[in-house]
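Everything on this sheet refers to the single structure shown next.
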Amino acid sequence: ANLNLESLQDGVFTQAEFDPVFLSDASQAKKSIVIYSGFITPTRIAHYENFFRSCIAKGIAIRCVTRPPSRNGSMSVADSKAALDKLEQIGCVVDTRWDIHEKLVLIDDEVVWIGSLNPLSHTSSTSEIMIRTTGQDVALQLASFMSINDTIKPDQAKGHSCKKENPNCPECSSRSVYRKGRFGGFWECESTCGWKENINKHTSSTNKPSKLKGEAPA
């Protein structure tokens, strides 16, 4: 896309302008690229596949946080699962959250993209805006905010956002989904095996699960 000079100066980008500048930022990453996207599509993952592979080959950690297959808008469960599986095959860390709606990218805890565009699913069919800013303070504040561990404060958040949070299901080894119920946060198996566990966010920064007691979360 032809970049608008004003966009480069003020940091506000249209959907058409996002990709080239984001890829330029990401190509200069030294440690990590973390993407929070409300939705995901196989087409968008295919678009990024070679780039993600090249980054991972250079030792850059990539983590993608999005919705589980059963919550991925109008996309079929099979296609949604295939997109998540492809990310893992590429070498990305993949975590899913039941109600995620944030659209956010953090690069090296320094470069921030935030706005209305879902980085892992966007097409040219809607009008979107993304804002780009730089600075460790805002990046770490957002990393803290986006952590499901509410004991992680901004001054402790450096390097945290690229770490995997969700455990795999101990019953069937599928990915788990982070959800919230009346007993607080809990993990739920992405497949249909029925496994659920509460998480204890105050005893471990790795969010180790503790088994549910009594009634399952709603």
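The values are calculated or read from the model by the stated rules, or taken from the named source; none is laboratory data. Here the structure is a predicted model, which means the values were calculated and not measured. Please note: Cβ atoms are built from the backbone with ideal geometry, for glycine as well, and neighbour counts cover all protein chains shown. What goes into the accessible areas is simple: the full protein's heavy atoms, side chains included, and nothing from ligands, DNA or RNA. Shrake-Rupley method; radii C 1.70, N 1.55, O 1.52, S 1.80 Å.
Numbers below:
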{"quantity": "Subset of segment 125-144 (residues that are part of a loop (DSSP other than H, G, I, E, B), touching a residue at least 40 places away in the same chain (Cβ under 8 Å) and closer than 26 Å to P68 by Cβ)", "calculated": "T126, E128"}
{"quantity": "Residue list for segment 89-124, filter: among the β-branched types (V, I, T), open to solvent by less than 30 Å² (accessible area, probe 1.4 Å), in a strand (DSSP E or B) and in contact (Cβ under 8 Å) with a residue 60 or more places away in the chain", "calculated": "V94, T96, V105, I107, V111"}
{"quantity": "Residue check, K164 open to solvent by 20 Å² or more (accessible area, probe 1.4 Å), in a loop (DSSP other than H, G, I, E, B), touching a helix residue (DSSP H, G or I) at 6+ places or on another chain (Cβ under 7 Å) and of a type outside the set (D, E)", "calculated": "no"}
{"quantity": "Boolean, A83 is of a type in the set (G, A, S), surrounded by fewer than 15 Cβ atoms within 10 Å (Cβ to Cβ) and in a helix (DSSP H, G or I)", "calculated": "no"}
{"quantity": "Segment 23-42: number of residues that are over 14 Å from the mean Cα position of the chain (by Cα) and in a loop (DSSP other than H, G, I, E, B)", "calculated": "4"}
{"quantity": "Tabulated pairs, segment 151-165, first more than 18 Å from K31 (Cα to Cα), second open to solvent by 90 Å² or more (accessible area, probe 1.4 Å) and in a loop (DSSP other than H, G, I, E, B), C-beta under 7 angstrom, 6+ apart or interchain", "calculated": "T151/H202"}
{"quantity": "Residue match in segment 127-134 (condition: modelled with pLDDT of 95 or more and under 12 Å from the mean Cα position of the chain (by Cα))", "calculated": "no"}
{"quantity": "Single match in I148, I131 (criterion: closer than 19 Å to I33 by Cα, open to solvent by 30 Å² or more (accessible area, probe 1.4 Å) and among the aliphatic types (A, V, I, L, M))", "calculated": "I131"}
{"quantity": "Segment 26-44 residues that are without any contact (Cβ under 8 Å) to a residue 60 or more places away in the chain, paired with ones that are among the hydrophobic types (A, V, I, L, M, F, W, C) and open to solvent by less than 10 Å² (accessible area, probe 1.4 Å) (beta carbon under 6 Å, 6 or more apart)", "calculated": "P42/A83"}
{"quantity": "Residue match in segment 65-81 (condition: under 17 Å from E165 (Cβ atoms) and either of a type in the set (S, T, N, Q) or touching a Pro at 6+ places or on another chain (Cβ under 7 Å) (or both))", "calculated": "yes"}
{"quantity": "Segment 170-196 residues that are touching a residue at least 12 places away in the same chain (Cβ under 8 Å) and part of a loop (DSSP other than H, G, I, E, B), paired with ones that are of a type in the set (V, I, T) and crowded, with 19+ Cβ neighbours inside 10 Å (beta carbon under 6 Å, 6 or more apart)", "calculated": "E190/V177"}
{"quantity": "Filter result (open to solvent by less than 40 Å² (accessible area, probe 1.4 Å) and part of a helix (DSSP H, G or I)) within segment 50-60", "calculated": "F52, C55"}
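Every residue, every condition in (1) assigned to a loop (DSSP other than H, G, I, E, B); (2) in contact with a Ser or Thr (Cβ under 6 Å, 6 or more places away or on another chain); (3) aromatic (F, W, Y); (4) closer than 23 Å to A29 by Cβ, yes or no:
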| site | (1), (2), (3), (4) |
| --- | --- |
| I45 | no, no, no, yes |
| Y48 | no, no, yes, yes |
| I62 | no, no, no, yes |
| S74 | yes, no, no, no |
| A78 | no, no, no, no |
| L87 | no, no, no, yes |
